[in-house]
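Following: one structure in structure tokens, then a few remarks.
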Amino acid sequence: MRRILSWPLVVAYCRLNGVTPHPSWHIFGLPLIQRYHGSTITIGAHFDARSFYGANPLGTRRTVLATRTADAHITIGRNVGTTGLVVVAESGITIGDNVKIGNATTIVDTDFHPLDPAQRFINPNDGRAKPIIVENDVFIGMNAIILKGSHIGARSIIGGGAVVSGKIPPDSIAVG
């Protein structure tokens, strides 16, 4: 009932932030959308996002979709389900169709800050960024972290709590 009653607010909030809502979405709780002017956030049909504590027996945090530059994009395919997902793009993050993403997963394509300590004081927001691609039919377990430059092949499984940095071939299981 809460989801149905809040739908007009979700639609207005998405449009206000430059995201076109789809009537097939199931949004539980209001996600946080931070879209940098000129960037794009595109989400396909049948998107399921849970963003409030009672929406999942594991509890949850708020779903966050954020872009940090005008050239950044977040593209989420069809039939994607998430709980408490955080996605931050400085260059680009693409999530394919039929992807399931476990509670409290974080996907970021940037270091946010320079790795060189001296550079952190000169320009603290000048971290390196590389696009991320998650292909179709991937399952990502809860509390996973997907880092810049990662490419997860189709039908792969990422274990809960895994940290992914690099290429995962299709039909693989990656844990740890």
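Please give, to one decimal in nm, the separation of the simple spin-label points placed at V64 and R155, each 7 Å out from Cα toward the Cβ.
3.5
Cα atoms only: what Rg and Dmax, in Å, come out for segment 50-107?
11.8, 37
Per-residue accessible area for R155 at 1.4 Å probe radius, Å² rounded to 10?
120
Quick one: accessible surface of F52, probe radius 1.4 Å, all protein chains present, in square angstrom to the nearest 10.
Rounded to the nearest 10, the figure is 50 Å².
Give, as a single signed number, the net charge of other residues whose beta carbon lies under 12 Å from the beta carbon of I101, with Lys and Arg counted +1 and Asp and Glu -1.
Details: positive: R50, K100; negative: D48.
Once all neighbours under 12 Å are counted, the net charge is +1.
I want to verify the translational diffusion coefficient of segment 1-130 in µm²/s; compute it with Stokes-Einstein, Rh as the Kirkwood radius over Cα pairs, at 25 °C and 0.890 mPa s. Walk me through the numbers before you get to the answer.
Numbers: Rh = 15.3 Å.
Answer from the Stokes-Einstein relation: 160 µm²/s.
At 1.4 Å probe radius, can you tell me the per residue accessible area of the chain in Å²? Can you show the working numbers first?
Numbers: 8770 Å² over 176 residues.
For the chain, the per-residue accessible area is 50 Å².
Could you sort L85, L32, L9 by accessible area so the largest value comes first, with the probe set to 1.4 Å? Intermediate values should be presented prior to the final figure.
On the way: L85 0, L32 50, L9 105 Å².
Largest accessible area first, the list is L9, L32, L85.
What number, rounded to the nearest 500 deg cm²/dmol, is the helix-based mean residue ellipticity at 222 nm of the chain, given -39500 (n - 2.57) per DSSP H run of at least four residues and division by all its residues? Don't skip to the end; give the middle numbers.
Working: 2 runs with 21 residues, N = 176.
Computed ellipticity for the chain at 222 nm equals -3500 deg cm²/dmol.
Provide E90, E135 ordered by accessible surface of protein heavy atoms (probe 1.4 Å), highest first.
These residues rank, largest area first, as E135, E90.
Leaving out ligands, DNA and RNA but keeping every protein chain, what accessible area does T42 have, in Å² rounded to the nearest 10, with a 1.4 Å probe?
Counting only protein heavy atoms, T42 exposes about 70 Å² to solvent.
Of the accessible area of segment 1-139, with the probe set at 1.4 angstrom, what percent is carbon plus sulfur?
On the way: 4090 of 7050 Å².
With neighbouring chains kept in place, the figure for segment 1-139 is 58 percent.
Expected output is a single nm value to one decimal: the length gained when fully extending between V163 and T20, i.e. 0.36 nm times separation in residues minus the C-alpha distance. What is it? Write out the running numbers ahead of the final one.
Details: separation 143, 0.36 × 143 = 51.48 nm, distance 3.10 nm.
Taking V163 through T20 to full extension adds about 48.4 nm, to one decimal.
I'd like to know which of H22, A89, A12 lies farthest towards the positive end of the charge dipole of segment 1-146, counting +1 on Cβ of Lys and Arg and -1 on Cβ of Asp and Glu.
With unit charges placed on the Cβ atoms, the residue in question is A12.
How many nm is it between the label spots at I4 and D171, if each spot is 7 Å from the Cα in line with the beta carbon?
Each label point is offset 7 Å from its Cα along the Cβ direction, giving 4.4 nm.
The values are calculated or read from the model by the stated rules, or taken from the named source; none is laboratory data. Since this is a predicted model, take the numbers as computed values, not measurements. All Cβ positions, even for glycine, are placed from backbone atoms using ideal geometry, and neighbour counts span all protein chains on display. In case anyone asks, the SASA skips ligands and DNA or RNA and just uses the protein heavy atoms, side chains included. Shrake-Rupley method; radii C 1.70, N 1.55, O 1.52, S 1.80 Å.
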